[in-house]
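Down below is the structure, laid out as structure tokens.
The values are calculated or read from the model by the stated rules, or taken from the named source; none is laboratory data. It should be emphasised that the depicted structure is a prediction, and the values quoted were computed from it without experimental measurement. When we count neighbours, we look across all protein chains shown, and the Cβ atoms used for this are built from the backbone with ideal geometry, even at glycine. The accessibility values were calculated without ligands, DNA or RNA, using every heavy atom of the protein model including side chains. Shrake-Rupley method; radii C 1.70, N 1.55, O 1.52, S 1.80 Å.
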Amino acid sequence: MPETQSSTARDGFIDTRTLMQIRSLELRARIVVQGFWNGIHRSPYHGFSVEFSEYRQYVPGDDPRYVDWRVYARSDRYYIKKFEDETNLRCHLLVDQSRSMTFGSGDWTKAEYAHTLAATLAYFLFQQGDAVGLLSFDEGIRDYLPARNRPGHLRQLMLSLEKPAAGRSTSIAKPLQRIVELVQKRGLMVLISDLLAPVDQLEEKLARLTATGHDVAVFRILDPREIDFDFEDALLFHDVESEKDLFIDPASAKRNYLKRFTEHGDAARAVCQKLGADYLPVTLDQPLDQVLSDYLRQRQRRGKNIQRHANP
Amino acid sequence: MSFLTPLFLLGGLAIAGPVIFHLIRRNTKEKFTFSSLMFLKADPPRVTRKSKLEDILLLLIRCTLLAVMALAFSRPFFRSKVNPANDPSAGKRVVLLLDTSASMQRKGLWKMAQDQARDTLKELKPADSLAILTFDSQTAALMRFDQWHELAEPNRLPAAKESLNAIEAGWGGSHLGNAILTAAELLEENEHVGPKQIVVITDLQEGSQLEGLQGHDWPQGMQITLKAVKPDSAGNAGLQLKPLQETSDADTQPVRLTNSEDASNEEFRLGWLKPGQENSTNAVSVYVPAGQSRTVKAPRRPAGLDWKLTLLDDGHGFDNTLHIAPLTPEPVRIHYIGNEQPDNTEAMRFYLERAFSQTRLQHVNVLTHPPNAALTQLTRPDDRLLIIGDAIKEDHVDHVRNFAETGHSVLLTLKSEAMRGTLTALAKSGPVPLTEARVNKYALLTQLDFEHPLLAPFNEPRFSDFTKIHFWKHRSLDPARLPGARVLARFDDGDPALLDLPIGRGHLFILTCGWQPQDSQLALASKFVPLLYSMLELGESRGSLKANYFAGDPINLPVKPGQTRTLNGPDGKVEIPPGSNIFHAKKPGLYTLQQTQPVTFAVNVSPRESRTAPLALESLDAMNLPFSPKTGQAAKNAQKREQTLIDEQLEKRQKIWRWLIVVAILLVLLETWLGGWLWRKPATAPEPATEAP
């Protein structure tokens, strides 16, 4: 069970309530990132910059500039020198803008939280010199900013994130399909959504994304009330997306709801695990820096794993 | 408490609605916006677990409101409040229609009718009101509703019985249709909403007149009860006077004998009887089969006034006697002024004297005077017409004008231009130029004014053709010179042929030609005699009395201003109310109007009354009369309808529904206020956070 929203400050993290009261999204992101640092991540690309990675035998067609002549002098064989590229990580933030994201039982909505999270990630990556892109979606694509690391790009990204969530329903399949088509170069794909859509759609499209070689992280933003469904009286529930009304008596419906909700969450997690994507359920009362550090830690672990796999 | 429309009480079941709605905890005002319903399933509305009613007061008001509405629509009323027996307006209004026509004179019939009338009186309840009408050809009120109500309740029935005992069957014809319509009008007079009834006591004979009943819009709640009385012996033969033919012998009067369809006797005798006499010596026997009629010549009438033509051997004697007025021809004197020989066929006198023949009704005497004779004889009442065929002396003009002014006709024939002076003197409107007209071969009459009473008898296509009469000569005058003159006919050359110049109460007719063969063919034409008679009739006569009337019919007595009229009937002198000219002869017999020339006329029973066979029920059914039902189920239905009418009336008077509607409106206001107050009340409590700001 997540903690209440106001009790997060004592754990050394930034108080989410205070943070969310800041109007500027960029400022929020800066505060989160400044109180925290040292991004450790690895690029899935082999670049030619600083750190040597490995040798590979020359095959015709390789650029002769990267032939290590000293090795040739020693062994009379052509070897290509490969380096790890630390700077050109391309990250795409996929932010859900559907109406279900406008729900929030506390002082802020899931959409606001998601935007702050996206902004924080973007700021953090931008600071490292990584290229950050944005794709916001609801039932279709709303905004698309390609991943860049130009001055001013971050500002544009923030502006785009500040737009309110106005879409109707959540359809993950379409934006995922579109991003596969749009982004040819491999990179990091961060999906920020409440995933309130059928899981089978998610699985198929995530599979395509990972198959293309992208690194995928899924942040599932949830309201605490969605998780524990603590309602007392019978209410007329209004679906923000479908505009339908349903009369629900929590006394009888809660059990069933919790069961189905948990099943859905488990299924989403299982899909992510199966595809090797990071799955991070986030509740609205969780401090953002904690979320970020959790993610980075998880990523670091994965990074080591990658390295281990990379260097036998 | 009773209800006019009790089915509406079922609407009270709607109370179940608010009770159920209050039991269901489905408060739509608590709407919660949620991110997604994909994990939720529709939950059917459930009755509260506690089965506890919420907002008891509101529920009570709503239930009461529905109950009050249902009650109001069922239109309740209190029957016990008004006892219909004591309420005059709740009672029945009954009109008793009693037939007093001549056919009721049949043996035993009148007693039966009176018994039936008494039975009807016995059936009356204290709350009922009664009017008694008698009818033959006229309808008369024996007791009106206001007279009934004026009497104290215990005196009403005895008074009604007394007035019933006082009347007897009369001699008139029976106009049942008129009587029923009069009764219906009487019932409609005041707006009585309770049941209305017309009780008709009649012999329902075939001869009853039913005109006016068809398609009448009968008042609501009215019923007609027919109580027909039947004589012990069926069948009846009757006598009817037939008009005398001019050619027939005055003493052998033709009569028509009718025998009713249900008659058993077909052999009768016809003869003259004196009052008190029972058998005739010179009776002839007549055979008339049932349902047929025969015209026979009555035996020669014996000398004397008081003989009556009587049909013998008929069971019912009321219509077996015919009173026949003796024919007394009216003496008429026509004066002709002309200097002509009686046998000169070229002169007008010759044709005039032959135009008037002696008839049974008139004895016309044409008197010829020379133009210079003094006209002092025109003062007798039988002086009717003056024809001026030659120029008269100016001294005599005033006599002629006086004669015309007293309502007689004067004919001036302008047979030559020499008549100019007479014309000018008679017209008294200045000199009237008179010239001989130029006639090409012959002239014809055109533009006849058939609207004028003189020519009105010719106003039929078969009589209106005057083109066969040729006029060889005629005089021409300007009608504008005769102020007030009306041109009745013109010649085809445009000159007036016949003019009417009214003088006083009489007429001066001016013919611009003569009828001697030298002038025209008029004297030889078929129009000549009728034209002269028409002129004669225009003058005042002894009146338009006919020789024969039917009992009960209105008789228009001739008007003679300043003259006292005495009428002698079969029972002696008959009073004629002053100022009234209409006389209803109640009894058959001979009546004599005493005036300068006594006139006798006969009053007989209407021949329709002789048709005593019962009226075919089909003809009554065809009238679509609102008869009161007789059979069990229909009578029950009628009683039900009657009760419904009374109930409706009670409900209308009490109008409880109005108060119930007022209560309902107050309850609606209370409910609205209370509902609003209850709704606002929880709104003051801190509201749980539902949505982000």
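Take the Cα of B:MET623, step 7 Å toward its Cβ, do the same at B:GLN358, and the gap between the two points is 5.2 nm.
For B:LYS681, the lysines whose Cα comes closer than 25 Å to its Cα, not counting residues fewer than 8 places off in the same chain, are B:LYS29, B:LYS31, B:LYS50, B:LYS52. Take chain B, drop everything but the C-alpha atoms, weight them equally and run the Debye formula without solvent; then report log10 I(q)/I(0) at 0.05, 0.06, 0.12 Å⁻¹ to two decimals. Log-scaled intensity ratios, in q order: -0.50, -0.63, -1.22. When chains B and A come together, the accessible area they lose, probed at 1.4 Å and totalled over both chains, is close to 2900 Å². Computed from the C-beta positions of A:ILE22 and B:THR64 and an R0 of 60 Å, the FRET efficiency is 0.50 to the nearest 0.05. Rounded, prolate or oblate: which fits region B:341-430 when a ≥ b ≥ c are the square roots of the eigenvalues of the alpha-carbon gyration tensor, with rounded for a/c under 1.5 and prolate only if a/b beats b/c? Here region B:341-430 falls in the oblate category. Take each peptide in A:207-217, B:151-161, count the other Cβ atoms within 10 Å of every residue, and average; sorted highest first, the result is A:207-217, B:151-161. Taking a Cβ cut-off of under 14 Å around B:GLU261, the surrounding Lys, Arg, Asp and Glu residues balance to a net charge of -2, with basic ones at +1 and acidic ones at -1. Ordering B:VAL668, B:THR600, A:LEU209 by the projection of their Cα atoms onto the charge dipole of the protein assembly as shown, which places +1 on the Cβ of Lys and Arg and -1 on the Cβ of Asp and Glu, puts A:LEU209 at the extreme positive end. Annotation: the antiparallel percentage among DSSP beta bridges lying fully within chain B is about 55. Full extension of the chain between B:ARG641 and B:GLU211 gives 151.9 nm of extra length, using 0.36 nm per residue less the Cα-Cα distance. Rounded to the nearest 500, the helix-only mean residue ellipticity at 222 nm of the protein assembly as shown stands at -9000 deg cm²/dmol, with each DSSP H run of n ≥ 4 adding -39,500 (n - 2.57). Heavy-atom accessible surface of B:GLU340, to the nearest 10 Å², is about 20 Å², with a 1.4 Å probe and all protein chains retained.
Placing +1 on each Lys and Arg Cβ and -1 on each Asp and Glu Cβ, with no other charges, gives the protein assembly as shown a dipole about its Cα centre of roughly 3180 debye. As a ratio to 2.2 N^0.38 Å, the alpha-carbon radius of gyration for the protein assembly as shown is 2.08.
Taking the DSSP beta bridges with both ends in the protein assembly as shown, the antiparallel portion is around 50 percent.
Entry note, region B:237-326: relative contact order of 34 percent, from Cα contacts under 8 Å with a spacing of 6+ residues.
Once you order the gyration tensor axes a ≥ b ≥ c over the Cα atoms, which shape class does region B:392-450 get: rounded for a/c under 1.5, otherwise prolate or oblate by comparing a/b with b/c? Because a/c hits 1.5 or more and a/b fails to exceed b/c, region B:392-450 counts as oblate.
Using the alpha-carbon positions of region B:330-538, Rg (one decimal) and Dmax (whole number) come out as 15.9, 45 Å. Each of A:LYS274, B:LYS196 has its accessible area taken with a 1.4 Å probe; listed largest first, they run A:LYS274, B:LYS196. The charge dipole of chain B, taken about its Cα centre with unit charges on the Cβ of Lys, Arg, Asp and Glu (plus for the first two, minus for the last two), comes to roughly 2880 debye. Computed with every protein chain present, the accessible area of B:GLU206 is close to 60 Å² [probe 1.4 Å]. Of the residues B:PHE77, B:GLY389, B:THR376, the one whose Cα sits farthest toward the positive end of the charge dipole of chain B, with +1 on the Cβ of Lys and Arg and -1 on the Cβ of Asp and Glu, is B:PHE77.
Among the trypsin sites (Lys or Arg not before Pro) within region B:277-338, those in coil by DSSP and having at most 15 neighbouring Cβ atoms inside 10 Å are B:ARG300.
Overall shape: oblate for region B:237-326, with the ratio a/c of the largest to smallest alpha carbon gyration tensor axis at 1.5 or above and b/c at least equal to a/b.
Restricting region B:150-185 to GluC sites (Glu not before Pro) that sit in a DSSP loop and have at most 12 other Cβ atoms within 10 Å of their own Cβ leaves B:GLU168.
Sorting A:ASP278, B:ASP146 by accessible area puts them as B:ASP146, A:ASP278; the probe is 1.4 Å, largest comes first, and only protein heavy atoms count. Accessible surface computed residue by residue for the protein assembly as shown, with neighbouring protein chains in place and a 1.4 Å probe, gives 50 Å² per residue. Taking the accessible area of chain B, probe 1.4 Å, and keeping the other protein chains in place, the carbon and sulfur fraction comes to 54%. Taking Cα centre as origin and charging only the Cβ of basic (Lys, Arg, +1) and acidic (Asp, Glu, -1) residues, the dipole magnitude of region B:330-538 rounds to 80 debye. Positive end of the dipole of region B:237-326 (Cβ unit charges, origin at the Cα centre): among B:TYR287, B:ALA263, B:THR252, the Cα lying farthest that way belongs to B:THR252.
Report the trypsin sites (Lys or Arg not before Pro) located in region A:107-185 that are in a DSSP loop and have at most 15 other Cβ atoms inside 10 Å of their Cβ, or state none. Answer in residue order: A:ARG168, A:LYS185. DSSP beta bridges confined to region B:169-285 are antiparallel in about 50 percent of cases. A cut-off under 10 angstrom between Cβ atoms defines the neighbours of B:THR566, and their net charge, with Lys, Arg +1 and Asp, Glu -1, is +1. Count Lys and Arg as plus one, Asp and Glu as minus one, and take only other residues whose Cβ is under 10 Å from that of A:ALA131; the net charge is then +3. Taking label points 7 Å from Cα along the Cα-to-Cβ direction, A:ARG297 and B:LEU13 give a separation of 7.1 nm. In terms of distances greater than 28 angstrom between alpha carbons, the cross-link table entries A:LYS205/A:LYS259; A:LYS82/A:LYS185; B:LYS227/B:LYS573; B:LYS92/B:LYS227; B:LYS161/B:LYS546; A:LYS185/A:LYS205 yield B:LYS227/B:LYS573; B:LYS161/B:LYS546. Residues of region A:240-284 whose accessible area, computed with a 1.4 Å probe over protein heavy atoms, drops by at least 40 Å² once all protein chains are present relative to their chain alone are A:LEU246, A:PHE247, A:ASP249, A:TYR257, A:ARG260.
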